[in-house]
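Let me begin by presenting the structure, written as structure tokens, before commenting on it.
The values are calculated or read from the model by the stated rules, or taken from the named source; none is laboratory data. Here the structure is a predicted model, which means the values were calculated and not measured. Cβ: placed from backbone, ideal geometry, glycine included. Neighbour counts: every protein chain shown.
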Amino acid sequence: MPKIYDMLVLGGGPGGYTAALYAARAGQSVLVIEKLSAGGQMATTEQVDNYPGFAEGIDGFELGERMQQTAERFGAETVLASASAVKLDGPIKEIVTDEGTFQGKTVVLATGASPRLLGLPGEQALRSHGMAYCAACDGMFFRGKTVAVIGGGNSAVGEALTLSKLAQKVYLIHRRDSLRADQVYTKPLEAADNIEIIWNKRPIELLHDTHITGLRLEDTQTGAQTELACDGVFAAIGRVPETALFQGVLELDAQGYIQADETTRTSLPGVFAVGDVRTKPLRQIITAAADGAVAAHFADHYLATQAP
């Protein structure tokens with residue numbers, strides 16, 4: 001008979017491994033299913049400075065490995081596998097992967113969300129070399145420098161405002177002649193004297209040597225091209241939640257994130273969503289880890305109230 005775990009965790013980022021740690025430490029059997037390596041998106045960050053306890057910062061890949069090792073010290077297991085289907089209703093849930101089908105009494109979904117890329121040549125290679133997607137994560141590396149933010153919604157304006165407190169100059173580049181951001185952002189945007197909005201432009205090329213040196217922009221109305229010198233580029237054109245497997249299975253919001261409140265409970269009993277994949281106001285390593293602890297607590301409560 002296949003093993004039925006107390007908890008299956010889909011995704012080995014900070015939320016997933018924190019849930020695994022808390023559940024395993026409470027005596028539950030836990031399996032973490034991760035398709036690449038521990039850490040998720042965090043593992044692609046060379047320097048994490050906003051996670052408490054590391055005075056000199058820590059490499060994101062190393063932090064992910066430490067989280068995995070901590071959970072495994074208490075008995076959590078890890079399998080490297082890619083999920084292709086899920087069955088989340090009923091008392092026994094299933095996750096189908098290329099390494100087999102795994103069963104559990106509870107499931108924690110920690111599949112994360114990826115930043116929407118600009119789609120420019122060399123973008124991936126320039127990540128951590130001037131190309132960034134999170135001002136709260138990477139803004140400090142551009143203290144006193146010139147940066148460009150691409151986008152026109154709430155996220156883009158929020159990123160620009162965050163960066164305005166660190167960078168010497170912030171360009172907010174939008175392909176239209178008006179922002180899509182809510183009016184609440186208007187006053188602080190106008191008050192920031194180091195933010196300049198560039199209207200009707202879109203980036204068509206990242207200028208660089210070993211590091212970003214600027215952008216080539218195209219006028220969306222005339223097609224004319226210009227160059228803009230900058231030390232960094234922040235893409236703020238949205239994120240893509242990893243929820244394709246859950247379409248029609250769980251309640252998702254309009255952006256495709258899993259509907260789960262601060263209890264991390266989803267629309268199905270015994271199924272929890274943590275970290276960037278769930279609807280939430282702030283997506284950071286520490287908020288994902290907090291979600292993991294909360295999910296383990298409510299999963300334990302769910303198990304305790306089920307008939308034997």
Next item on the list: Hey, can you tell me all the residues within the stretch 121-136 that are farther than 27 Å from Val184 by Cβ and either crowded, with 21+ Cβ neighbours inside 10 Å or touching a Gly at 6+ places or on another chain (Cβ under 8 Å) (or both)?
Entry: Gly130, Met131
Note to self: Between Glu34, Glu65, Glu72, which is surrounded by fewer than 18 Cβ atoms within 10 Å (Cβ to Cβ) and among the charged types (D, E, K, R)?
What the structure shows: Glu65
Notebook entry, point to check: In the stretch 101-115, which residues are in a strand (DSSP E or B) and either hydroxyl-bearing (Ser, Thr, Tyr) or at pLDDT 95 or above (or both)?
Noted result: Thr101, Phe102, Gln103, Gly104, Lys105, Thr106, Val107, Val108, Leu109, Ser114
Check: With the stretch 1-100 as the region, which strands (runs of 3 or more DSSP E) entirely inside it contain at least 2 residues that are within 22 Å of the chain's Cα centre (by Cα) and among the small types (Gly, Ala, Ser)?
Finding: 83-87
Next item on the list: Counting only residues that are closer than 30 Å to Asp59 by Cα and in contact (Cβ under 8 Å) with a residue 24 or more places away in the chain, give me the helices (runs of 4 or more DSSP H) lying completely in the stretch 123-222 with at least 2 of them.
Entry: 135-138, 154-164
Check: Pick from the stretch 294-308 the residues that are assigned to a helix (DSSP H, G or I), out of contact with any Gly (no Cβ under 9 Å at 6 or more places or on another chain) and among the aliphatic types (A, V, I, L, M): which of them is nearest to Ala135 (Cα to Cα)?
Finding: Val294
Next item on the list: Name the single residue, out of those in the stretch 265-284 being in a loop (DSSP other than H, G, I, E, B) and within 16 Å of the chain's Cα centre (by Cα), that is surrounded by the most Cβ atoms within 10 Å (Cβ to Cβ).
Entry: Val274
Check: Can Leu118 be described as closer than 29 Å to Gly57 by Cα and either at pLDDT below 95 or surrounded by 15 or more Cβ atoms within 10 Å (Cβ to Cβ) (or both)?
Finding: yes
Check: For the stretch 1-44, which residues satisfy the criterion of being touching a residue at least 60 places away in the same chain (Cβ under 8 Å) and of a type in the set (Lys, Arg)?
Finding: Lys3
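Condition check ((1) more than 19 Å from Ala113 (Cα to Cα); (2) at pLDDT 95 or above) across all residues:
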residue	(1), (2)
Leu215	yes, yes
Thr220	yes, yes
Cys230	yes, yes
Ala235	no, yes
Thr243	no, yes
Ala254	no, no
Leu282	no, no
Notebook entry, point to check: Do we have any residue at all in the stretch 137-155 that's of a type in the set (Asp, Glu), surrounded by 22 or more Cβ atoms within 10 Å (Cβ to Cβ) and under 19 Å from the mean Cα position of the chain (by Cα)?
Noted result: yes
Next item on the list: Filter the stretch 242-277 down to residues that are among the charged types (D, E, K, R) and without any contact (Cβ under 8 Å) to a residue 24 or more places away in the chain and give me whichever is farthest from Met42 (Cα to Cα).
Entry: Glu251
Note to self: Considering only the stretch 161-174, I want to know if a residue exists there that is among the polar types (S, T, N, Q), modelled with pLDDT of 95 or more, more than 28 Å from Asp276 (Cα to Cα) and surrounded by 15 or more Cβ atoms within 10 Å (Cβ to Cβ).
What the structure shows: no
